[in-house]
Amino acid sequence: MVYTIRTLPDDCLRKVAEPLERITDEVRKLSADMVETMYAARGVGLAANQIGVSLRLITIDTSSEKEGHPLIVVNPEIVEAQSEVSAEEGCLSVPGFYEMVKRAERVIVRAQNLEGEDLTIECAGLLARVFQHEIDHLNGVLFVDHLSPVKKGLFKKEYLRDRR
Ligand code: ZN
């Protein structure tokens, strides 16, 4: 099932998502729906609170082919971050807005998979960026929060004005 993706200023995007304690059939169904929703929107990542579910669950697929091998991770956290790099970012919850954002170039992520097994994922480049972006979502943070005060001001004027 393809969900409607919540967009700013939806309150759900600003809530800190709850840890996922148990992987139930419902969670497995939810994650399959998230993958479907992510592909339908041509996104590279999706956090559960973007579809209105306040749980620490994300899906990612940074392959250009969209081969159907998405990463589905539970309770992800960044345990190490190295170097900084700027790149243009956008967000399915902030449609039509793109801006340069500085992020760590390499990260180590700890998480669990849907089998409840512990994962340690070391990555760099786009995948590292998407992990940081999606984990931000779980903490109620959006990429526009990383902009300079001037750019944030411009964003509020242009984007939020049209959506009040
Ligand atoms: Zn996003």
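The values are calculated or read from the model by the stated rules, or taken from the named source; none is laboratory data. Please read all numbers here as calculations on a predicted model, not as lab measurements. FYI the Cβ positions are ideal-geometry reconstructions off the backbone, even for glycines, and counts take in every protein chain you see. The protein model used for the area step is the full one, side chains on, heavy atoms only, and it has no ligands, DNA or RNA in it. Shrake-Rupley method; radii C 1.70, N 1.55, O 1.52, S 1.80 Å.
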Residues of region 14-52 classified as within 22 Å of R129 (Cα to Cα), open to solvent by 40 Å² or more (accessible area, probe 1.4 Å), more than 14 Å from the ligand (Cβ to nearest atom) and among the aliphatic types (A, V, I, L, M), total
2
Of the conditions (1) touching a Ser or Thr at 6+ places or on another chain (Cβ under 6 Å); (2) touching a residue at least 60 places away in the same chain (Cβ under 8 Å); (3) open to solvent by 40 Å² or more (accessible area, probe 1.4 Å), the single one that P9 does not satisfy is (1)
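Take the residues in region 135-159 that are among the aliphatic types (A, V, I, L, M) and not in a loop (DSSP other than H, G, I, E, B), then tell me which one is surrounded by the fewest Cβ atoms within 10 Å (Cβ to Cβ).
Taking region 135-159 and keeping what is among the aliphatic types (A, V, I, L, M), we get 135, 138, 141-142, 144, 147, 150, 154.
Those still in the list that are not in a loop (DSSP other than H, G, I, E, B) too: 135, 138, 144, 150, 154.
Numbers: I135: 22, L138: 24, V144: 20, V150: 8, L154: 13.
Among those that are among the aliphatic types (A, V, I, L, M) and not in a loop (DSSP other than H, G, I, E, B), it is V150.
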Looking only at region 92-102, decide whether some residue is over 25 Å from D25 (Cα atoms), open to solvent by less than 40 Å² (accessible area, probe 1.4 Å), touching a residue at least 12 places away in the same chain (Cβ under 8 Å) and more than 16 Å from the ligand (Cβ to nearest atom).
no
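Mind checking which residues of region 40-86 are aliphatic (A, V, I, L, M) and assigned to a loop (DSSP other than H, G, I, E, B)?
Our first condition is that a residue be aliphatic (A, V, I, L, M); within region 40-86, this holds for 40-41, 44, 46-48, 51, 53, 55, 57-58, 60, 71-74, 78-79, 81, 85.
A41, V44, V53, listed by residue number.
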Test result for Y3, assigned to a helix (DSSP H, G or I) and free of Cβ contacts under 8 Å to residues at least 60 places away in the same chain:
no
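Determine if region 103-125 includes at least one residue that is within 16 Å of the ligand (Cβ to nearest atom), exposed (fewer than 15 other Cβ atoms within 10 Å of the Cβ) and more than 23 Å from Y3 (Cα to Cα).
As a first pass, look at region 103-125 and keep what is within 16 Å of the ligand (Cβ to nearest atom): 103.
Filter again for exposed (fewer than 15 other Cβ atoms within 10 Å of the Cβ), leaving none.
There is no residue in region 103-125 that is within 16 Å of the ligand (Cβ to nearest atom), exposed (fewer than 15 other Cβ atoms within 10 Å of the Cβ) and more than 23 Å from Y3 (Cα to Cα).
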Would region 122-134 turn up any residue that is touching a Leu at 6+ places or on another chain (Cβ under 9 Å), in contact (Cβ under 8 Å) with a residue 12 or more places away in the chain and farther than 30 Å from R28 by Cβ?
no
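Would you check if there is a residue in region 104-111 being more than 22 Å from A87 (Cβ to Cβ), touching a strand residue (DSSP E or B) at 6+ places or on another chain (Cβ under 9 Å) and not hydrophobic (A, V, I, L, M, F, W, C)?
Step one: filter region 104-111 for residues more than 22 Å from A87 (Cβ to Cβ), giving 110-111.
Applying the additional criterion that residues be touching a strand residue (DSSP E or B) at 6+ places or on another chain (Cβ under 9 Å) yields 110-111.
Checking the rest, the ones that are also not hydrophobic (A, V, I, L, M, F, W, C) come to 110.
Scanning region 104-111, I find at least one residue that is more than 22 Å from A87 (Cβ to Cβ), touching a strand residue (DSSP E or B) at 6+ places or on another chain (Cβ under 9 Å) and not hydrophobic (A, V, I, L, M, F, W, C), so the answer is yes.
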